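First up is the structure itself, then whatever we jot down about it.
The values are calculated or read from the model by the stated rules, or taken from the named source; none is laboratory data. Given the structure is predicted, the values throughout are model-derived calculations rather than measurements. Please note: Cβ atoms are built from the backbone with ideal geometry, for glycine as well, and neighbour counts cover all protein chains shown.
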Amino acid sequence: MAATMQPLRISLVQGATRWHDAAANRAYYGEFVRGVAARSDLVVLPETFLSGFTNDTLGNAEPMDGEGLRWLRALAQETGTTVTGSLVVRDGECCVNRLLWMRPDGSHAQYDKRHLFRMAKEHERYAAGSERLIVELNGWRIRAEVCYDLRFPVWLRNRYDRDANRFDYDLLVVVANWPAARRHAWRTLLRARAIENLSYVVGVNRVGVDGNELHYAGDSGALDFLGQPLVDLGAQEQVVTVTLDPAALAAHRERFPAWMDADDFTLA
């Protein structure tokens, strides 16, 4: 694995998303991305970074050919780096919380949030996705998820494919709008997913206060395969770049092959 995977430079953008103001957020997050692109292979933005976490889907959803996606494509092409985060997207008759994985060549992959946060009635305003997203970058296999998905370990289980001689993924990326009132759960679950899946984990949350008067404490971070923090952003607006080491990951998986004792299952 280490022979084909290259060290991966990831910038975590922990911003204070402007409420229901896509133009302001494009300017705000665009400045951050341009500032770190030269030292980044991947830039990670929070969940719903153009609107905030909103149930006003009629006022904030954009079609896939809308300004949000066009802007994100142009930004990735301009900076020469991959950029990811989620948007409120209108897809036919439904709205989805869609993570976009935008590459510098203008192509993209996408993932619709599967687990909708019913305590905020997200399930009444959005349609749930059903397909996993695993993408490749610099030889890494990367699984991308959105916020509430983090609570569901079966959905996120990292299985080993003996026929392909590889794990499902080497890095789990989670973008979020995770309120400060539940920050202990956010921090704990990020660590648990890293440990149980023998994988690096990057979680990017927002800071500040949204239009629903919810407070966000950030706590974005990058964790190694032991659940140990490589970077911990705390509660302030900031951007941090971290480099993930593939050799260390390969050595841990060889030294501690817990995957060999994992239970087989099929997800309906």
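Structure above, values below:
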{"item": "Strands (runs of 3 or more DSSP E) contained in region 40-111 and holding at least 3 residues more than 23 Å from residue 141 (Cβ to Cβ)", "result": "82-91, 94-102"}
{"item": "From the options 120, 61, 74, 109, residue that is of a type in the set (A, V, I, L, M) and touching a residue at least 40 places away in the same chain (Cβ under 8 Å)", "result": "120"}
{"item": "Some residue of region 115-129 being among the hydroxyl-bearing types (Ser, Thr, Tyr) and closer than 15 Å to residue 61 by Cα", "result": "yes"}
{"item": "Search result, residues across region 155-188 that are within 25 Å of residue 53 (Cα to Cα), in contact (Cβ under 8 Å) with a residue 24 or more places away in the chain, outside any loop (DSSP other than H, G, I, E, B) and not charged (D, E, K, R)", "result": "155, 156, 171, 172, 173, 174, 175, 179, 180, 181, 185, 186"}
{"item": "Flag if residue 244 is over 20 Å from residue 154 (Cβ atoms), touching a residue at least 60 places away in the same chain (Cβ under 8 Å) and surrounded by 15 or more Cβ atoms within 10 Å (Cβ to Cβ)", "result": "yes"}
{"item": "Test: residue 116 is under 19 Å from residue 211 (Cα atoms) and either hydrophobic (A, V, I, L, M, F, W, C) or modelled with pLDDT under 95 (or both)", "result": "no"}
{"item": "Any hit, region 209-216, residues being crowded, with 18+ Cβ neighbours inside 10 Å and among the aliphatic types (A, V, I, L, M)", "result": "no"}
{"item": "Output for region 112-132, where each listed residue is surrounded by fewer than 20 Cβ atoms within 10 Å (Cβ to Cβ), in a loop (DSSP other than H, G, I, E, B) and in contact with an Asp or Glu (Cβ under 9 Å, 6 or more places away or on another chain)", "result": "114, 115, 127, 128, 130, 131, 132"}
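Residue-wise test of (1) of a type in the set (A, V, I, L, M, F, W, C); (2) in contact with a Ser or Thr (Cβ under 7 Å, 6 or more places away or on another chain); (3) surrounded by 15 or more Cβ atoms within 10 Å (Cβ to Cβ).
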site	(1), (2), (3)
60	no, yes, yes
69	yes, no, yes
79	no, no, yes
83	yes, no, yes
90	no, no, yes
94	yes, no, no
102	yes, yes, yes
